[in-house]
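Colleague: Supplied in structure tokens, the structure appears directly below.
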Amino acid sequence: MNTIAPPQKRVKQPPKHIAPRKDRMDGAAVLGIVLLLVFGLIALFSASYPAAIHKFRNNGLYFITRQGIYALLGFAGMMVIANIDYHVYLRFQKPIFIVSTVLLLLVPFIGVEHNGATRWIKLPIIGEFQPSEIMKLAVIVSFSYYAVRLSDRIRTFKGTLPFLGILVAIALILYKQPHLSATIIIFGIGLSILIVAGMKIWYFIPIGVVAGIAGTWYITTRGYANARIQSWLDPFATPEVFRHDGWQGGNSQIAIGTGHFWGRGLGNGLQKHLYLPEPQNDFIFSAWCEEMGFVGALIVMALFAFLIYRAYYIAFHAPDETGCLIATGIATKLAIQTLVNLWVVTGLFPVTGASLPFFSYGGTALIMQMGEMGILLNISTKMRPSEKRRG
């Protein structure tokens, strides 16, 4: 008896002249970066216009012009770095850390003061920049490098002491500037890398005790810190609040509150007209909330949350432990810096001077952020496929 074989299902083959695409960057992360960069430039243009006219002889485009150039340079640098294997930076982790440490040590001697804090160094051609931004990247690369090499030791408390000692030393250097927000961010970066590398959670008990003692000492020895704590608890405590320590927090809360649900409209904010301090920098989100309201604030926070999620997703699917730790450090830096800024402008945290990534004016900070995003995108090109992709 003759049997007829069932027809075989034909599988459509790709054209032979088209090579399969490999090593693609994470498209979702790229989209999040671009959207935040665009929203940041729009917010900066609106928030900085009155301050630019006041400070630079009616040149209302001063801040946005310079930030636009930095954004283009940063985006170009990000795309270049995204095509460089992230393992290359491990070869230079020691020089990067040494240079950033030396620059931090030089700040009290040759630094530039702004608003009572000396955190910037001014160099020819480069201009003003914060060495703490370079130190953040140095901690990410160096801690990731040594955490992989000393993975067995990190699982013991004794093995974590050298890492913690380095973080304390950096904090003491930043204490001279002073720069509390950078201290918080750098500690967060270092601890997140150590946790992912295998540090036990219960180690946070002694770390928390030491941090509490150090925080108390910091507040009691720094008069301005105690004043900022008091103004944070009640920014409207004094009758002339806008001439005292509550000036920043008070105006920030007024700007956010008057935005209501839909906002006054882009460009129609009032607090940015020399009431809200640093509307182009630390308090740019307050100006944005006044003009775009609750809806605009929610959109920006959703974009940040999405990019932070993708950064941790890339870390989870990194091809090796080094890539995982570097991506974790970058994601944690973005998360902590964003949260600290949002907490400050909404009155949930004392004023610390933390800028909002992709939004606040600052060439060095923006270029460093875009460079870190480039490293993150390079790690994403080598991600391990998830179970869903395998299926």
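The values are calculated or read from the model by the stated rules, or taken from the named source; none is laboratory data. What you see is a predicted model; the values in this text were computed from it and never measured. Cβ placement follows ideal geometry from the backbone for every residue including glycine, while neighbour counts extend to all protein chains displayed. Keep in mind that these areas ignore ligands, DNA and RNA; they rest on the heavy atoms of the full protein, side chains included. Shrake-Rupley method; radii C 1.70, N 1.55, O 1.52, S 1.80 Å.
Colleague: Per 0.36 nm of contour for each residue apart, how much would the distance between Thr65 and Lys158 grow if the chain were fully extended, relative to their Cα-Cα spacing? Don't skip to the end; give the middle numbers.
Modeller: Details: separation 93, 0.36 × 93 = 33.48 nm, distance 5.06 nm.
Fully extending the segment from Thr65 to Lys158 adds 28.4 nm.
Colleague: Would you mind checking which residues have amide H under 5 Å from His114's amide H? H placed 1.01 Å from N; only 5 or more apart, or other chain.
Modeller: Here Arg119 satisfy the definition.
Colleague: Sorted from largest down, what three extents in whole angstroms do the Cα atoms of the stretch 257-298 have along their principal axes?
Modeller: Sorted from largest, the Cα extents of the stretch 257-298 read 23, 17, 16 Å.
Colleague: Can I ask one more? Given the Cα-Cα distance of Leu72 and Tyr175 and 0.36 nm per residue of separation, how much length would full extension add, in nm? Provide the component values of the computation, followed by the final result.
Modeller: On the way: separation 103, 0.36 × 103 = 37.08 nm, distance 3.37 nm.
Once the chain is fully extended between Leu72 and Tyr175, it gains 33.7 nm.
Colleague: OK, next. Using Cα-Cα distances under 8 Å and only pairs 6 or more residues apart, what relative contact order does the stretch 147-211 have, in percent? Walk me through the intermediate numbers first.
Modeller: On the way: 33 pairs, mean separation 30.5, N = 65.
The value is 47 percent.
Colleague: Taking 2.2 N^0.38 Å as the expected size of a compact globular protein, what ratio does the Cα radius of gyration of the stretch 24-72 give against it, to two decimals?
Modeller: Details: Rg = 13.7 Å, N = 49, 2.2 N^0.38 = 9.7 Å.
In units of the 2.2 N^0.38 Å rule of thumb, it is 1.42.
Colleague: Can you give the Kirkwood hydrodynamic radius of the stretch 249-321 from its Cα pairs, in Å with one decimal?
Modeller: On the way: mean 1/r = 0.0751 Å⁻¹.
Every distinct Cα pair counted, the radius reaches 13.3 Å.
Colleague: Can you give me the long-range amide H partners of Glu128? Hydrogens built in the peptide plane at 1.01 Å from N, cutoff under 5 Å, separation of 5 or more residues or another chain.
Modeller: Residues meeting the amide H criterion: Leu123.
Colleague: Taking 0.36 nm per residue of sequence separation and subtracting the Cα-Cα distance, how much length would be gained by fully extending the chain between Val210 and Leu298, in nm to one decimal?
Modeller: Details: separation 88, 0.36 × 88 = 31.68 nm, distance 3.62 nm.
In short, 28.1 nm is gained.
Colleague: Treating the Cα atoms of the stretch 53-187 as identical point scatterers in vacuum, please give the log10 of the normalised Debye intensity I(q)/I(0) at q = 0.09, 0.19, 0.22 Å⁻¹, two decimals.
Modeller: One equal scatterer on each Cα of the stretch 53-187 leads to -0.37, -1.23, -1.36.
Colleague: Okay, next question. Counting only residues 5 or more places away or on other chains, whose amide H sits under 5 Å from the amide H of Asn281 once H atoms are built in the peptide plane?
Modeller: Tyr361
Colleague: Same structure again: How much accessible area per residue does the stretch 283-374 have, counting only protein heavy atoms and a probe of 1.4 Å, in square angstrom?
Modeller: Working: 2460 Å² over 92 residues.
That works out to 27 Å² for each residue.
Colleague: Strictly greater than 23 Å: what percent of every Cα pair in the stretch 235-370 meets that? Can you show the working numbers first?
Modeller: Values: 3563 of 9180 pairs.
For the stretch 235-370, the share of Cα pairs beyond 23 Å comes to 39 percent.
Colleague: Dipole size in debye (nearest 20) for the stretch 29-152 around its Cα centre, Lys and Arg Cβ +1, Asp and Glu Cβ -1? Present the calculation step by step, with values, prior to reporting the outcome.
Modeller: Working: 9 positive and 5 negative charges, 44 e Å.
Result for the stretch 29-152 is approximately 220 debye, rounded to the nearest 20.
Colleague: Apply 1/(1 + (r/R0)^6) to the Cβ-Cβ distance of Asn268 and Leu123, taking R0 = 41 Å, and write down the FRET efficiency to the nearest 0.05.
Modeller: Values: r = 39 Å, r/R0 = 0.95.
Efficiency at R0 = 41 Å is approximately 0.60.
Colleague: For the stretch 260-391, what does the relative contact order come out to in percent, with C-alpha contacts under 8 Å and a separation of six or more?
Modeller: On the way: 143 pairs, mean separation 34.5, N = 132.
For the stretch 260-391, the relative contact order is 26 percent.
Colleague: Continuing with the same structure: Calculate the FRET efficiency for Asn58 and Tyr309 from the Cβ-Cβ distance with a Förster distance of 51 Å, rounded to the nearest 0.05.
Modeller: According to the calculation, E is roughly 0.75.
Colleague: Please report the carbon-and-sulfur percent of the accessible area for the stretch 320-375; probe 1.4 Å, protein heavy atoms only, DNA, RNA and ligands left out. Intermediate values should be presented prior to the final figure.
Modeller: Working: 890 of 1190 Å².
Exposed carbon and sulfur together represent 75 percent of the surface.
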